[in-house]
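Chemist: A single structure is presented below for examination.
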Amino acid sequence: VKKVTTNTLLKMKAAGEKISMITAYDYSFARIFDAAGIDVILVGDSASNVMAGHETTVPITLDQMIYHAQCVVRGIDRCLVVVDLPFGAYQSNSDIALASAIRMMKETGGHSIKLEGGEEVADSIRRIVNAGIPVMGHLGLTPQSIYKFGTYTVRAKEEAEAEKLKRDALALQEAGCFAIVLEKIPAQLAKVVSESLHIPTIGIGAGHFCDGQVLVMHDMLGINNEFNPRFLRKYLNLHEQITQAVQQYVKDVRSVDFPNDQEQY
Ligand code: KIV
Ligand code: NA
């Protein structure tokens, strides 16, 4: 199998080929997504929400992210695996950031890490990249800073924030990032940023001018029926399908329809 590398993604951008990315947190789903032809699997700290049931991504720990990454990597033959460094694993200083990135690579077999922020994390990114670890950036709505923003609404609609985002994107490219996630920003801003960079942008709620797209697996598979932002396309309604399947199972057990004569020894 031809493996997807950070270099593959740079070539895809240069060739105008769009990059597909999806989150995964365990072996079984990672294996399905890898075989289905996804380019990049993100072990997102959205695990804090969709796997652990926390309200934000703030509580998930480095050890917990390492566990999810180990599970995902066992399911991969071909995809590039990116693992989020969680809140607290890199913000303090670049020594801590580098140590967290090294732990992630050494203990999981993941291929790269992602962290949130612009110029303020550029020095840490430079050191991590210099250590041989590919880094993906993340700008716009950065959920680890949710208590600073106060809301999950669209970012960088105002001129000042848009200008900062453009500077941040260039700073991340200059620091050595191989790609940047743009989350929940106006499509026209994402277009300008994407055209200003030679590294690919991967959008979520950032329009079709990005060089690729990412969705959280639970969102695009319709597992949570209470999350319906404008940017989300639901490819399945698993919440409904799973509910119906489990209700049927309960019914069959109670009525002794299951197991039947062919389903026993
Ligand atoms: O944690 C996550 O799922 C992410 C994506 C939304 C980009 O960072
Ligand atoms: Na994340």
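Chemist: Might you let me know whether region 2-20 holds any residue that is within 13 Å of ligand 2 (Cβ to nearest atom) and either in a strand (DSSP E or B) or in the same structural domain as residue 150 (by TED's automatic domain parsing) (or both)?
Modeler: Start the filter on region 2-20 by keeping residues that are within 13 Å of ligand 2 (Cβ to nearest atom), which leaves none.
Checking region 2-20: not a single residue is within 13 Å of ligand 2 (Cβ to nearest atom) and either in a strand (DSSP E or B) or in the same structural domain as residue 150 (by TED's automatic domain parsing) (or both).
Chemist: Would you point out which residue out of 124, 92 is under 23 Å from residue 149 (Cβ atoms), in a helix (DSSP H, G or I), more than 16 Å from ligand 2 (Cβ to nearest atom) and among the small types (Gly, Ala, Ser)?
Modeler: Only one candidate passes the filter, namely 124.
Chemist: May I pose another question? With respect to residue 252, is the statement that it is crowded, with 21+ Cβ neighbours inside 10 Å and in a helix (DSSP H, G or I) true? Lay out the reasoning, then the answer.
Modeler: Values: crowded, with 21+ Cβ neighbours inside 10 Å: no; in a helix (DSSP H, G or I): yes.
It is false that residue 252 is crowded, with 21+ Cβ neighbours inside 10 Å and in a helix (DSSP H, G or I).
Chemist: Is it the case that residue 207 is part of a loop (DSSP other than H, G, I, E, B), under 24 Å from residue 53 (Cβ atoms) and more than 11 Å from ligand 1 (Cβ to nearest atom)?
Modeler: no
Chemist: Inside region 1-21, can you point out the residues that are in contact with an Asp or Glu (Cβ under 9 Å, 6 or more places away or on another chain) and touching a residue at least 60 places away in the same chain (Cβ under 8 Å)?
Modeler: 1, 3, 4, 8, 9, 12, 13, 18, 19, 20, 21
Chemist: Out of 40, 81, 72, I need the residue that is at negative phi and in contact (Cβ under 8 Å) with a residue 60 or more places away in the chain. Which one?
Modeler: 40
Chemist: Oh, and also: If you check 81, 129, which single one turns out to be surrounded by 15 or more Cβ atoms within 10 Å (Cβ to Cβ) and either in a strand (DSSP E or B) or of a type in the set (Asp, Glu) (or both)?
Modeler: Working: 129 fails: either in a strand (DSSP E or B) or of a type in the set (Asp, Glu) (or both).
Among 81, 129, only 81 is surrounded by 15 or more Cβ atoms within 10 Å (Cβ to Cβ) and either in a strand (DSSP E or B) or of a type in the set (Asp, Glu) (or both).
Chemist: While we're on this one: Keeping to region 134-182, report how many residues are of a type in the set (Val, Ile, Thr) and farther than 18 Å from residue 84 by Cβ.
Modeler: 3
Chemist: Within 26 Å of residue 4 (Cβ to Cβ) and either touching a helix residue (DSSP H, G or I) at 6+ places or on another chain (Cβ under 6 Å) or not assigned by TED's automatic domain parsing to the domain that holds residue 23 (or both): does that describe residue 156? Before you say what the answer is, go through the steps one by one.
Modeler: Working: within 26 Å of residue 4 (Cβ to Cβ): no; either touching a helix residue (DSSP H, G or I) at 6+ places or on another chain (Cβ under 6 Å) or not assigned by TED's automatic domain parsing to the domain that holds residue 23 (or both): yes.
No; evaluated as a whole, the condition is false for this residue.
The values are calculated or read from the model by the stated rules, or taken from the named source; none is laboratory data. Just so we're clear, the structure is a prediction, and the values are computed from it rather than from any experiment. Positions of Cβ are backbone-derived with ideal geometry, glycine not excepted, and every protein chain shown enters the neighbour counts.
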